[in-house]
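As structure tokens, the structure follows; a few thoughts come after it.
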Amino acid sequence: MTRLWNEPADFADEMIDGFVAANGRYVRRVTGGVVRSTVVPEGQVAVVVGGGSGHYPAFGGLVGQGLAHGAAMGNLFASPSTQQVHSVARAAEAGGGVFFSYGNYAGDVLNFDAAQDRLLAEGIAAATVTVTDDVKSAPIGEKHRRRGIAGDLTVFRAAAAAAERGADLEGVTAIARKANERTRSFGVAFTGCTLPGAEKPLFTVPEGRMAVGLGIHGEPGIDEVAIPTADELAGLLVSTLLDPAELPEGVDSARGARVIPILNGLGSLKYEEMFVVYRRVAQLLETAGVVVVDPHVGEFCTSFDMAGTSLTLYWIDDELEALWETPVDTPAYRRGSVVAAERVTDAVSAADATADAEAEIPASDDASRTAAATVLAAVAAIAAVVDEHVDELGRIDAVAGDGDHGIGMQRGSHAALAAATAALEAGAGAGTTLTRAADAWADKAGGTSGALWGVILRAVARELGDTGSPAGADVAAGVAAGSAGVMAYGKAEPGDKTLVDALVPFSAALTRGIDSGSSLRSAWAEAAEAATVAARDTADLLPRMGRARTHGEHSIGTPDPGAVSLALIATVLGSVLADRP
């Protein structure tokens, strides 16, 4: 279990501060994560990686000469927010554009894609390759849906080496895509991991049993078997990855093919145990006729204190092997010898440089400032209801996901409350107050839910505006725009077992009520009931989106946590409206 922390909510930020303090030779702190503390050649493509914290040395530990130029570092097991990714990218960019790479998880895709869109709108070239190496997370015919685990290292190294050798953005992207297509991984675990402040692990494995095909965020395995011997485990790992169906395009046979094997520890498996396993892995690869190049045994992508391991096979050709030989010098990973670059001096992150401009409060009138007080009361009620149900939201999320939904909602709603309070005190109108709350929620919560609640609240804020008293039709239009925005942004539809299953009927009922002449208070109450029923009905659905998709059958009988939290919020906001003029 994790034993040392101060406030669990502050753990990720304090961890990053300590990491930077210990590794100033390699990295410097910027809003949202870290970038190299050394000078990057003008015009070089900036390779920006990232994801949730809790996977060290991924992602900050891989920033340095020869590898990543920056890492966006989210909260524990939660993707970095759009603002964080954008900030890191702007700080890392050196005139050659930005290349993003990260594990293929819903929250990361949402936030990195949104940050990429911002860069493109600003005239900065950007491209992405998501890592999809986990063979157990989707069948070979749907490998684009696979998640990324320890194979991050091979893709990041290939992209960074290409950038280091002067490739342009198109060339870096092509190399990364090739490296990803030639990377396959498979993992097992003996215990789950425990987040700071949590009373129990995200998932448990019965004594004497092993979870097969687990996820690095605590997602349950797809199977459970008796713990094998070290040699038996090596046999399982190797045979799974040498399955002819898993050989990458261009590799006709394992015999004679060159492979870089990476045996990765997930947090608390001892190196000595992994060496015993690798001994047999090497024997089996040799028997299969595989030519082993530069084997790696160690921790490259962890999951806090999870006891487990994964095997990655990186099927190289002459081009990829040459790039692999590029020297690397980072806090957690070093290969060869680099020529030390100069240190950056007087650096200021892009986010810090624009902070003053963002603090400006737009003009508003008395009516809107009165409405802003209701907005603040609504955000306070949201934070309170999330606090009340945080443990239950985490429990239902852990059934087929990673169990952090309640914590993420709590971080987001409290950040929104602080931002709304500050905006109201500064004289903001209703629209600006809610916009500030939306941005703070998305930024501090991270992950999928943080991004989507930011979309919802921003859409409502646009309809509220900063002048006049909002009408019921304005609120209904904002909720409808938020619903459409969530589906466009997150790509989920009704029936996918997400918050959309509660949001769509809520919005439809609210619009019907307002259009029929009902008051906002009455229409909202009916819409909240519709959302509650719809959320409850998600228990019968099989998830088709997000992390729970891989283990969908586990969630049958349990409602979707995102839908449940939306219904809870809709219900409590009805009480706020009932108490307000």
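Bear in mind these aren't lab numbers, they're just calculated from the coordinates by the rules spelled out. Model, not experiment: these values are computed from the prediction. Here the Cβ is made from the backbone with ideal geometry for all residues, glycine too, and neighbour counts use every protein chain on show.
Structure summary
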{"item": "Shape call, region 8-335: gyration tensor on alpha carbons, a/c limit 1.5", "result": "oblate"}
{"item": "Helix-only CD estimate at 222 nm, as mean residue ellipticity for the chain, using -39500 (n - 2.57) per DSSP H run (n ≥ 4)", "result": "-15000 deg cm²/dmol"}
{"item": "Stokes-Einstein D (µm²/s) once Rh is taken as the Kirkwood radius of the chain over alpha-carbon pairs, at 20 °C in 1.002 mPa s", "result": "87"}
{"item": "Relative contact order (%) - the chain, alpha-carbon pairs under 8 angstrom, separation at least six", "result": "13"}
{"item": "Residue-wise HN-Hα coupling along region 286-292, computed from phi with Karplus coefficients 6.51, -1.76, 1.60 (Hz; x: Gly, Pro)", "result": "5, 4, 7, x, 6, 8, 7"}
{"item": "Region 260-348 - Kirkwood radius from inverse mean 1/r over Cα pairs (Å)", "result": "15.3"}
{"item": "Total charge dipole magnitude, the chain, about the Cα centre, Cβ charges on Lys, Arg, Asp, Glu only, Debye to nearest 20", "result": "460"}
{"item": "Simple spin-label estimate for residue 239 and residue 168 in nanometres, 7 Å along Cα-Cβ", "result": "4.9"}
{"item": "Within the chain, longest stretch free of exposed trypsin sites (Lys or Arg not before Pro) [DSSP loop, at most 14 other beta carbons within 10 Å]", "result": "271-490"}
{"item": "Region 359-579: C-alpha gyration tensor shape, a/c 1.5 cut-off, then a/b vs b/c", "result": "prolate"}
{"item": "Per-residue Cβ neighbour rank within 10 angstrom, fewest leading, 453, 324, 5", "result": "5, 324, 453"}
{"item": "Members of 136/444; 143/497; 143/491; 270/497; 143/200; 143/444 lying beyond 27 Å, as alpha-carbon distances in this model show", "result": "136/444; 270/497; 143/200; 143/444"}
{"item": "J(HN,Hα) series, region 193-208, from Karplus relation 6.51 cos²θ - 1.76 cosθ + 1.60, nearest Hz, glycine and proline x", "result": "10, 10, 6, x, x, 6, 7, 8, x, 5, 8, 10, 10, x, 3, x"}
{"item": "Residues with amide H under 5 Å from that of residue 30, placed H, sequence gap 5 or more", "result": "35"}
{"item": "Relative exposure of 271, 489, 278, 314, judged by other C-beta atoms within 10 Å (fewest first)", "result": "271, 489, 278, 314"}
{"item": "Exposed GluC sites (Glu not before Pro) absent - longest run of the chain, DSSP non-H/G/I/E/B, at most 15 other C-beta within 10 Å", "result": "361-581"}
